[in-house]
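Undergrad: Before I ask anything, let me first share the structure, which is written out below as structure tokens.
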Amino acid sequence: MTSAHDIKLYVENLISLCENADDEKERAYYLKEFGDLRLRTERVFKFLENCLVSDASYLVRSEAAKSLILTFGEMSKKVIQWSIQYEKHAFFFKTLLDLTEKSNIVFASEVKSQIFRRISEIYECYVDDAKFLYEFDSIKQDPSIMGNPAYSQFPFEKHYYVVNSENSRIVYLYLNRLEIVPESIKNLTELRSLSLFDMSLKSVPTSVKHLKQLRELNLSNNRLKKLPEWIANLHELQQIDLYNNPLEIFPNWLMKFSEQNYTDAHTSVGVTLSDATVLGVLEILGYRLKLKREEGFSVEACSKTYEINKDGHIVMVNLELRGSNTGLITEQICKLEHVEVIYLTGKPNVSLPQSIHKLKNLREFYIRAHNVGKIPHCVTKLKNLKVFDLHCVNIGPVDDETRSFLDQLKACVFQTKKNPFT
């Protein structure tokens, strides 16, 4: 049986270790020992109380509060309420809220109510919206991920969200560099603009479908291979950014969405609605093209442009490719059935889709890229093609009939390391 003297020595030794530890995680570890051992002495209470009110680390304060509640229960109520009143870190609040869910704490409901009032004050917004911000911040402040520079460099500062001054609801939210979107985002029912840029998302969070007031959605720079059909049911949505996602499937609803929201700027300068819809899809995928009005032509000066004929059909496209969805881009260009000249420049891989055979009016095709995939046999159906000018490092396989067809073209130039034509 452990004597009172031995317990006192152990407590003093543990306190000494904690006070002399420079690392905040080490101090938090020693404080956890107090909570595990439940040593109910005045010396322990005073020490934990001092750590709670004076330590600069929110990790230490969180562990001190937890150990106080677990060890002293109702006795800790006053100092806990005081600490909540002056605390600012989300991880601290999460520690206490998790504790109220897992432990039988007499004043749990009071702790919860005070915390939610406090986070509403901190974020200066409606309490349900503040709960989401707190949850997002608590993830970033979690010790298990806080060592990752991608997270620690992005505290949730005021400029990452905008609040409606009339009802304190969040209307604009910018998240990035964190792979987790808390489920509670669905409570931001007044949200108008949401950016999930560069979050390494492999799927669109299903909680987003509850944001019925959403007008703008930025999903660029993620790992999305497909889009959920429910996005089409966000009836207030007017703008979506899908740039640099490895999309493998083109959703049918995206054409209609483009026609409804992205065509006015192009039809106003004379472009047909069908071609303007394609331009809208290209813009959604990160490539906004403008009408080339001046005479003369320079590939460098006129990138991201198009020309139209007297009937409003696009006859020339000049596009600088980038990002990871270039295959989808070339598929969209192949929907411009009246196009006569195509310029594609850029460093990534370029793939030519089977649908290229639809470009019956194509006369000239210029490609400047690092790698070009397999040249499909269906290019032999392009009877009006006169120039196939290709400059790249590597070209995919070319069958004999296709090679023979391209060899007959005027100014067919290849500059490659692995040239199937030589």
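Undergrad: Cα-Cα over 20 Å: which of Lys131/Lys186; Lys292/Lys360; Lys88/Lys186; Lys102/Lys209? Before the final figure, lay out the partial values.
TA: Values: Lys131/Lys186 11 Å; Lys292/Lys360 23 Å; Lys88/Lys186 24 Å; Lys102/Lys209 31 Å.
With Cα atoms farther than 20 Å apart: Lys292/Lys360; Lys88/Lys186; Lys102/Lys209.
Undergrad: Related question: Just list whichever of Lys25/Lys78; Lys202/Lys386; Lys66/Lys202; Lys310/Lys381 have alpha carbons separated by over 31 Å in the model shown.
TA: On the way: Lys25/Lys78 26 Å; Lys202/Lys386 42 Å; Lys66/Lys202 36 Å; Lys310/Lys381 26 Å.
Going by Cα-Cα distance, Lys202/Lys386; Lys66/Lys202 fall outside the 31 Å limit.
Undergrad: Starting from the Cα gyration tensor of the range 145-249, take the square roots of the eigenvalues, sort them a ≥ b ≥ c, and report rounded, prolate or oblate (rounded when a/c is under 1.5, otherwise prolate if a/b is larger than b/c, else oblate). Before the final figure, lay out each step's value.
TA: Numbers: a/c = 1.90, a/b = 1.02, b/c = 1.87.
Judged from the Cα gyration tensor, the range 145-249 comes out oblate (a/c at least 1.5, b/c at or above a/b).
Undergrad: Same structure, new question: Just report the Cα centroid separation between the range 179-246 and the range 73-141, whole Å.
TA: Going from one Cα centre to the other spans 28 Å.
Undergrad: For the range 272-415, give the share of DSSP beta bridges that are antiparallel, in percent and rounded to the nearest 5; count only bridges with both residues there.
TA: Details: 4 of 28 bridges.
In the range 272-415, approximately 15 percent of DSSP beta bridges are antiparallel ones.
Undergrad: For the range 261-283 and the range 328-351, what is the centre-to-centre distance using only Cα atoms, to the nearest Å?
TA: 16
Undergrad: Straight-line reach from Lys374: which aspartates and glutamates fall under 18 Å, measuring Cα to Cα and dropping same-chain residues less than 8 apart?
TA: Straight-line reach from Lys374, under 18 Å: Glu248, Glu331, Asp389, Asp399, Asp400, Glu401, Asp407.
Undergrad: Label-point separation (nm) for Asn384 and Asn164, each offset 7 Å from Cα along Cα-to-Cβ?
TA: For the pair Asn384/Asn164, the computed spacing is 5.2 nm.
Undergrad: When only DSSP loop residues count, what GluC sites (Glu not before Pro) in the range 153-228 have their Cβ near at most 15 other Cβ atoms within 10 Å?
TA: Glu157, Glu166, Glu179
Undergrad: Toward the positive end of the charge dipole of the range 145-249, about the Cα centre and with charges on Cβ (Lys, Arg +1; Asp, Glu -1), which of His235, Ser168, Pro182 goes farthest?
TA: So the residue furthest toward the plus end is Pro182.
Undergrad: Taking amide H positions as placed in the peptide plane 1.01 Å from N, state which residues far from Ile180 in sequence (5 or more) or on other chains have amide H under 5 Å from it.
TA: Correct list: empty.
Undergrad: For the pair Lys226 and Thr206, how long in nm is the line joining their label points, each one 7 Å along Cα→Cβ?
TA: 1.5
Undergrad: So who's got an amide H within less than 5 Å of the one on Tyr126, skipping anything under 5 residues away but keeping other chains? H placed 1.01 Å off N, in plane.
TA: For Tyr126, whose amide H was placed from the backbone, the distant partners under 5 Å are Arg169, Ile170.
Undergrad: While we're looking at this one, here's another question. Report the gain in length on full extension from Lys25 to Asn261: 0.36 nm times residue separation, minus Cα-Cα distance, nm rounded to one decimal.
TA: Working: separation 236, 0.36 × 236 = 84.96 nm, distance 5.14 nm.
Taking Lys25 through Asn261 to full extension adds about 79.8 nm, to one decimal.
Undergrad: Could you calculate, for the range 272-415, the ratio of the Cα radius of gyration to the Kirkwood radius, expressed as Rg to Rh?
TA: Working: Rg = 14.3 Å, Rh = 15.3 Å.
Expressed as Rg/Rh, it is 0.93.
Undergrad: Using r as the Cβ-Cβ distance of Ser16 and Arg177, and R0 as 45 Å, what FRET efficiency do you calculate, to the nearest 0.05?
TA: Values: r = 40 Å, r/R0 = 0.89.
After rounding, the FRET efficiency stands at 0.65.
Undergrad: Here is a further query. How big is the chain on each of its three principal axes, counting only the C-alpha atoms and giving the largest first in Å?
TA: Principal-axis extents of the Cα atoms in the chain, largest first: 99, 52, 33 Å.
Undergrad: Which listed residue (Leu17, Cys51, Ala90) has the Cα farthest towards the positive end of the charge dipole for the range 1-106, taking +1 on Lys and Arg C-beta and -1 on Asp and Glu C-beta about the Cα centre?
TA: After comparing all options, I get Ala90.
Undergrad: Place a +1 charge on the Cβ of each Lys and Arg in the chain and a -1 charge on the Cβ of each Asp and Glu, then give the dipole magnitude about the Cα centre in debye, rounded to the nearest 20.
TA: Computed charge dipole of the chain: roughly 860 debye.
Undergrad: Which value results when the Cα radius of gyration for the range 202-337 is divided by 2.2 N^0.38 Å? Walk me through the numbers before you get to the answer.
TA: On the way: Rg = 15.4 Å, N = 136, 2.2 N^0.38 = 14.2 Å.
This ratio for the range 202-337 stands at 1.08.
Undergrad: What dipole magnitude, in Debye to the nearest 20, does the range 20-95 give about its Cα centre under +1 on Lys/Arg Cβ and -1 on Asp/Glu Cβ?
TA: Numbers: 13 positive and 12 negative charges, 63 e Å.
For the range 20-95, the charge dipole is close to 300 debye.
Undergrad: In addition: Got a sec to turn the phi values of the range 125-131 into Karplus ³J(HN,Hα) couplings, 6.51 cos²θ - 1.76 cosθ + 1.60 with θ = phi - 60°, whole Hz, x for Gly and Pro?
TA: Coupling constants for the range 125-131: 8, 3, 4, 5, 5, 5, 4 Hz.
Undergrad: Between Leu9 and Gln85, what FRET efficiency follows from the Cβ-Cβ distance if R0 is 25 Å, with the result rounded to 0.05? Intermediate results must be reported in sequence, preceding the final value.
TA: Values: r = 36 Å, r/R0 = 1.44.
The value I calculate is 0.10.
Undergrad: In the range 81-110, which residues have a backbone nitrogen under 13 Å from the label point lying 7 Å from Glu74's Cα in the Cα-to-Cβ direction?
TA: 105-108
Undergrad: Write down the percent of antiparallel bridges among all DSSP beta bridges whose residues are both part of the chain, to the nearest 5.
TA: Expressed as a percentage, antiparallel bridges in the chain total about 15.
Here, each number is a calculation from the coordinates, and none is a lab measurement. As the structure is a prediction and not an experimental result, all values here were calculated from the model. Here the Cβ is made from the backbone with ideal geometry for all residues, glycine too, and neighbour counts use every protein chain on show.
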